[in-house]
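The structure appears right after this line, and notes come after that.
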Amino acid sequence: MPFRLPWQRAQVACRPVIGDALMLQYTIQKRSIRYMPELTVRQARDMLTEWAADRHAVERRRDEVVLAAVEAGLRKSEVHRLTGIARTTIDRIVIASRGEPAEEGPR
């Protein structure tokens with residue numbers, strides 16, 4: 001006896017994917033995590049280790065890159081827009097570079 005859900009599934013009309021849309025769908029599927037080929041535990045561990053090392057290398061340079069951009073004349077709002085770094089974090093980076101003690105905000 002087939003398993004049946006206690007509610008009705010929504011009927012959705014699907015049209016076949018053709019032409020450029022097919023290539024786009026194939027590309028998206030190949031890049032998606034759920035379509036990633038199965039990994040061994042060792043491969044997954046190596047992949048995470050490499051990702052973490054890259055992330056830490058980028059984070060170590062973050063302060064000097066942000067500071068250089070601010071000193072070159074970029075406004076804080078533009079640095080925020082380009083990087084996604086919070087404006088308060090940008091303030092902390094600039095203040096720390098001057099050797100001033102950081103102000104504690106309300107908690």
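The values are calculated or read from the model by the stated rules, or taken from the named source; none is laboratory data. All figures in this text were calculated on a predicted structure; none of them were measured in a lab. Reconstructed Cβ throughout: ideal geometry from the backbone, glycine too, with neighbour counts over all protein chains shown.
Structure notes:
- Selection status of residue 86, surrounded by 10 or more Cβ atoms within 10 Å (Cβ to Cβ) and at pLDDT below 90: no
This table checks each residue for (1) surrounded by 10 or more Cβ atoms within 10 Å (Cβ to Cβ); (2) of a type in the set (Gly, Ala, Ser); (3) in a helix (DSSP H, G or I); (4) modelled with pLDDT under 90.
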| position | (1), (2), (3), (4) |
| --- | --- |
| 30 | yes, no, yes, yes |
| 37 | no, no, no, yes |
| 43 | yes, no, yes, yes |
| 55 | yes, no, yes, yes |
| 77 | yes, yes, yes, no |
| 91 | yes, no, yes, no |
| 95 | yes, no, yes, no |
| 104 | no, no, no, yes |
| 107 | no, no, no, yes |
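- Among (1) exposed (fewer than 11 other Cβ atoms within 10 Å of the Cβ); (2) at pLDDT 85 or above; (3) closer than 30 Å to residue 94 by Cβ; (4) among the hydrophobic types (A, V, I, L, M, F, W, C), the one test that residue 69 misses: (1)
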